[in-house]
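Notes follow the structure.
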Amino acid sequence: MLSFITRRIAAAVGTLFLSSILVFLAVQALPGDVATQILGKDATPDAVAALREKLKLDRPAWERYWDWVWGALHGDFGTSLVSGKAVGGEVSMYLGNSALIAVVTVLFAVTGSIVLGILAGLYRDRWPDHVISTVSLVGMSVPEFVVATVLVLCFSVALPWFPAVVLYGPDASVSQLLPAVWLPALALAVVMAAYIVRMARTSVIDVMATEYVTTARLKGLSTWRVVTRHALPSALLPTLHVIALNVAWLVGGVAVVENVFNYPGIGKLMLSSVQNRDLPTIQAIALISAVVYVVCNLAADLATMALNPRLRTRGRTR
Amino acid sequence: MASIVSVNSLSVAYRSGGQDVPVVHEVSLDVAEGQTHALVGESGSGKSTIAATLLGHLRHGSRITGGSVEVSGADVFALPARELRQLRGGTVAMVGQNAGHALTPSMRIGRQIAEAGGDVPVVDLLEQVRLPRPAELARRYPHELSGGQQQRVAIAMAIAARPKVLVLDEPTTGLDVITQRSVLDLIAALSDELGLAAVLVSHDLGVVAHMADEVTVLRSGRVVESATTRQLFAQPQDPYTKRLLASVPRLDDTGLAVVGEAGEREVRPRSEVPVDAPVAVSAQDITIDYGSTRAVHGVSFDVRRGEVLALVGESGSGKSTLAWSLAGLRTPSGGTMKHADGDLARPAQQRPLSLRRRVQLVFQNADTSLNPRRSVGDAVRHPLRFFGTAADRPEATERARQLIADVRLDPALADRLPAQLSGGQRQRIGIARALAGEPDVLIADEITTALDVSVQADVLRLLDDLRRERDLACLFISHDLAVVRGIADRVVVLRHGVVVEEGPTETVFADPQHPYTRQLMAAALEPDPDAQPYVDDTADWADAADGDDIWTEHGTDGHRVRRWRPLNAPVAEGAL
């Protein structure tokens, strides 16, 4: 078991390493470098060369890569070309705001859709299943910005319960942002839930048809006990990876929704950095997205192992 | 005696495509306290459906269309949910066919047993089902146990709340003979000890003859015949029952049984293998490893053209491993395996095409070894084209139809998908596919294990006909001694990957010399409640093969036995 964990973690680190190279190379491949970006189109070659030397851009790519990674490991992602502030601090501020949406979304969407998926599976082919499946399919088919707009129309314009847009900057406090979190979170949850609901439904149906669930029922156990003790541990296994992928997707998925609500999160920062060609910030955000993906999948793998005694007890002799 | 279970003209239907398909039709039966009542029938007879109704259970989509089921005075399907739960486990408990699937994989077995209720401590229950080191076992997960152990755990779970009725749905079908025998003995002992009534569902008439007091024979959801076990086996009334009984292979058959419409039975003598028949496959000193575990240790055998050689042994004896190795699916780590056309000790993809088609395997499960999306005609035609035994497409189609006719099926079935055929028909297609390469060696790996007894008889006869017609060398893998007795010319008994006894079928069955062979014979169950079972009187024994001195020869017909010595024999006292 220990060797499995170590191998899995080593693979995660390897993946991160490879993605950091990809991110770095992708940014290198863009036309122009940081110096030309700062100085603009009309800069003289001398000025560009001088700035390059100052920014250490004249050194070979691998040295610069190494500096970047080494810095990133210590939380130093360089300086933003737009604000002139440290990228690390800036990104973490926006990321914190997005995390607020993400946490709310995950808490409600994941628990909600698992519960709905289980209900749909248990009431297979009866009305709760039909309602849940249809609604989640509709949610899956409609793009998130449409959902977000509809939500604004309903809950900000028609019923003024939540603010339609955020008027604070990125340095807003949690209490200032909290009222604005719900609509974006709901919009994301609607889109995300469909996948998890469908996966949970299918695997609950599969597991409920197994002989061991029938055996548990025929032992005279209550439905609650049969579902929670016998069915769910196995039914959740395949769902875990779908959840992990969806949680990771949030990092990118927030971009659109945050822009609809003018929410000062990582998605908004990403969009503005791309528009301003703020290369160090783009690089940092790309790397952080990779970290989130890898960590989510690692967590799903480890959770799968914890839930599956076949993996947990591997190596133990009969 | 009062009946504790009473099924009154019960009808069950399954809803399919907007129509009710009846699966059980006006079935009535009574089980007296302490009695064991067997439900016998082939697949689709509704026996498992009836058994499950005793616990108020119906499959998804099924419903009761008439009649009632009473257990211990309560109408099961009229009980409110709460009382039904108390009935399940408390009054009636079930032991299913495959304990490996019936135990929840994510839960320790101790907790699963404790959950079943009752006041008996888990450790005592595990002890009661004769499991070793119960305290330690209770902390294990199901996958860490062997098949026999899992079935014992399922039994412990069933008797935990001290029910009055036990429903046993094919409780030993997945187990090999020796394990089956010990599990059946355990069930019989517990039923006596706890005064349980039991409803036993089985397709195996040997098991029924051994266990039941009364038998109900079912066919397509209707009762064919119901009688006490002794009466049913001695004087079956209905022709169907007679045919069913006659189809069961017996340990003293000297060939395959041919069963008539009215159930009359005739044993067809085995055809003699000519003395000068050429050897088709010769294996010398084969060893096969799975990682660091050795599955087969130094096994040697020859199969001649027109001969059926049976490999016999319980699960884990290495018999299937040997078959797979011969078919080229697993390379042996030592020894030689030769065919007249070349070397077989290498994987199938490295064998030349001409050799590959000479050795063909028929799988145990025809339903999983045929591509479900491809017509069976295609399944047979593909190897014809692949091996180049048919020149072009029209010829291949024609030959495929001919092969399907050769396995005694209607060639019109060629356009069907595997799912549209019965189990026996699928297995025939499996054989037709193997014959497409025009092999001279056919490996049959437990090909009749999943089949109903009458279908099994047909498939065995087909195999026997084919080897006569085509002069096939046939390696027949089975754990069923009675089947082997009927079809095989010679037998090799394997235990833990080692040959313990081999010889002509008649000689080995008439006079088994190795204690393991005797143990197998003693564990085999005959479809006759008055059968005089073969008594295994050998005490503990140990292997005594030493260096080159491995075999004891018996007679001149090739019957030989691996050396062994009794343990704790009286001789030991004198020697000390």
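We did not get these values from a lab; they are worked out from the coordinates using the rules stated. Treat the numbers as computed from the prediction; the structure is a model and nothing was measured. Virtual Cβ from ideal backbone geometry, glycine too; neighbours counted across all protein chains shown.
List, in the order given, every pair from B:Lys47/B:Lys242; A:Lys54/A:Lys268; B:Lys47/B:Lys164; A:Lys41/A:Lys268; B:Lys164/B:Lys242 whose Cα-Cα distance in the structure shown is over 24 Å.
Numbers: B:Lys47/B:Lys242 19 Å; A:Lys54/A:Lys268 30 Å; B:Lys47/B:Lys164 20 Å; A:Lys41/A:Lys268 26 Å; B:Lys164/B:Lys242 33 Å.
Over 24 Å Cα-Cα: A:Lys54/A:Lys268; A:Lys41/A:Lys268; B:Lys164/B:Lys242.
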* If you project the alpha carbons of chain A onto their three principal axes, what span does each projection cover, largest first, in Å? -> 84, 63, 31
* By average C-beta atoms within 10 angstrom, highest first, the peptides A:14-22, A:54-62 -> A:14-22, A:54-62
* Fluctuation leader among A:Ser203, A:Ser98, A:Ser83 - chain A, Gaussian network, Cα springs under 10 angstrom -> A:Ser83
* Shielding of A:223-232 by partner chains, average beta-carbon count, 10 Å -> 2
* Can you work out the FRET efficiency for the pair A:Ser222 and A:Ser173, with r the C-beta to C-beta distance and R0 = 41 Å, to the nearest 0.05? -> 0.30
* To do: Work through the residues other than B:Ser68 whose Cβ is under 15 Å from its Cβ and net out their charges, Lys, Arg +1 and Asp, Glu -1.
  => -3
* To do: Under 18 Å from a label point 7 Å along Cα→Cβ of A:Asn276: give me every residue in the range A:159-192 with its amide N that close.
  => A:168-172
* Asked: Dividing the alpha-carbon radius of gyration of chain B by 2.2 N^0.38 Å (N being the number of residues), what value is obtained?
  -> 1.03
* Structure fact -> For chain A, longest principal axis from Cα atoms; helix A:174-208 axis from its Cα atoms; angle between them, nearest 10 degrees, is 40
* Structure fact -> So the pair-distance distribution of the protein assembly as shown, from every Cα-Cα distance in 10 Å bins, comes to percents of 2, 10, 15, 18, 17, 14, 10, 8, 5, 2, 0, 0
* **Cα-projected label distance for B:Asp302 with B:Val21, points at 7 Å along beta-carbon direction, nm** => 5.2
* **Debye-sum result for the range B:388-505 in log10 I(q)/I(0), which assumes one identical scatterer on each alpha carbon, at q = 0.21 Å⁻¹** => -1.24
* **Nearest-ten-degree value, helix A:127-141 long axis tilted from longest Cα axis of chain A** => 10
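Tally the DSSP beta bridges in chain B and give the antiparallel ones as a percent, rounded to 5.
Of the beta bridges lying entirely in chain B, close to 65 percent run antiparallel.
How many percent of DSSP beta bridges within the protein assembly as shown run antiparallel, rounded to 5?
65
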* To do: Place the peptides B:429-435, A:299-305, A:125-131, B:395-401 in order of packing, highest mean first, counting for every residue the other Cβ atoms within 10 Å and averaging per peptide.
  => B:429-435, B:395-401, A:299-305, A:125-131
* Asked: How large is Rg over Rh for the range A:92-276, taking Rg from the Cα atoms and Rh as the Kirkwood inverse mean of 1/r across Cα pairs?
  -> 1.07
* **Cβ-placed point charges (K, R +1; D, E -1), dipole of chain B about Cα centre in debye, nearest 20** => 2220
* Can you give the average number of partner chain beta-carbon atoms within 10 Å of each beta-carbon in peptide B:101-114, as a whole number? -> 5
* **11 Å cut-off, amide nitrogen to a point 7 angstrom out along B:Phe77 Cα→Cβ, residues in the range B:212-229** => none
* Taking neighbour Cβ counts within 10 Å as the exposure measure, how do B:Ile113, B:Ile487 sort from fewest upward? -> B:Ile487, B:Ile113
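Can you give the average number of partner chain beta-carbon atoms within 10 Å of each beta-carbon in peptide B:269-279, as a whole number?
The shielding value for this peptide is 0.
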* Asked: Can you tell which of A:Gly71, A:Gly96, A:Gly40 shows the greatest fluctuation in a Gaussian network model of chain A with Cα springs below 10 Å?
  -> A:Gly40
* Structure fact -> Taking B:39-48, A:164-173 and ranking on average Cβ neighbours within 10 Å, highest first, one gets B:39-48, A:164-173
* Asked: Given only helices, namely DSSP H runs of n ≥ 4 each adding -39500 (n - 2.57), what is the per-residue ellipticity at 222 nm of chain A, to the nearest 500 deg cm²/dmol?
  -> -24000 deg cm²/dmol
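For A:Leu57 and A:Thr6, what does the FRET efficiency come to when R0 = 41 Å and r is the distance between their Cβ atoms, rounded to the nearest 0.05?
Step by step, r from the Cβ atoms, then E = 0.60.
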* Between the range B:350-384 and the range B:124-196, what is the C-alpha centre distance in whole Å? -> 39
* Share of pairwise Cα separations in the range A:225-312, more than 21 Å, in percent -> 47
* **FRET efficiency for A:Thr134 and B:Gln420, using Cβ-Cβ distance with R0 set to 45 Å, rounded to 0.05** => 0.85
* Which parts of the range B:219-244 would a label at B:Asp192 reach, counting a residue when its backbone N lies under 20 Å from a point 7 Å out along Cα-to-Cβ? -> B:229-230
* Structure fact -> Kirkwood Rh for the range B:181-292 from C-alpha pairs, in Å, is 17.9
* For the residues B:Asp367, B:Asp119, what sequence is obtained by ranking on other C-beta atoms within 10 Å, fewest first? -> B:Asp119, B:Asp367
* **Cα-based radius of gyration of the range B:331-441 once divided by 2.2 N^0.38 Å, which approximates compact folds** => 1.12
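What percent do you get for the relative contact order of the range A:92-276 when only Cα pairs under 8 Å and 6+ apart count? Show your work: numbers first, answer last.
Values: 226 pairs, mean separation 62.1, N = 185.
The value is 34 percent.
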* Asked: To the nearest 10 degrees, how steep is helix A:2-29 against the longest Cα principal axis of chain A, on a 0 to 90 scale?
  -> 40
* C-alpha center-to-center spacing [the range B:286-332, the range B:446-523] in angstrom -> 15
* To do: List the extent of the Cα atoms of the range A:265-318 along each of their three principal axes, largest first, rounded to whole Å.
  => 62, 17, 9
* Please order B:Val24, A:Val181, A:Val13 by the number of other Cβ within 10 Å, starting at the fewest. => A:Val13, A:Val181, B:Val24
* Find how much the distance from B:Ala32 to B:Arg468 grows on full extension, using 0.36 nm per residue of separation minus their present alpha carbon separation; answer in nm with one decimal. => 151.9 nm
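At 24 angstrom or more along the helix axis (alpha-carbon based) and mean Kyte-Doolittle of 0.5 or higher, what helices does chain B contain? Whole DSSP H runs only.
Numbers: long enough: B:177-194 (25 Å, 0.86); B:453-470 (25 Å, -0.37).
Flagged H segments are B:177-194.
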* Taking the Cα centre of the range A:92-276 as the origin and placing charges on Cβ (Lys, Arg +1; Asp, Glu -1), which of A:Thr223, A:Val135, A:Val257 is farthest toward the positive end of the dipole? -> A:Thr223
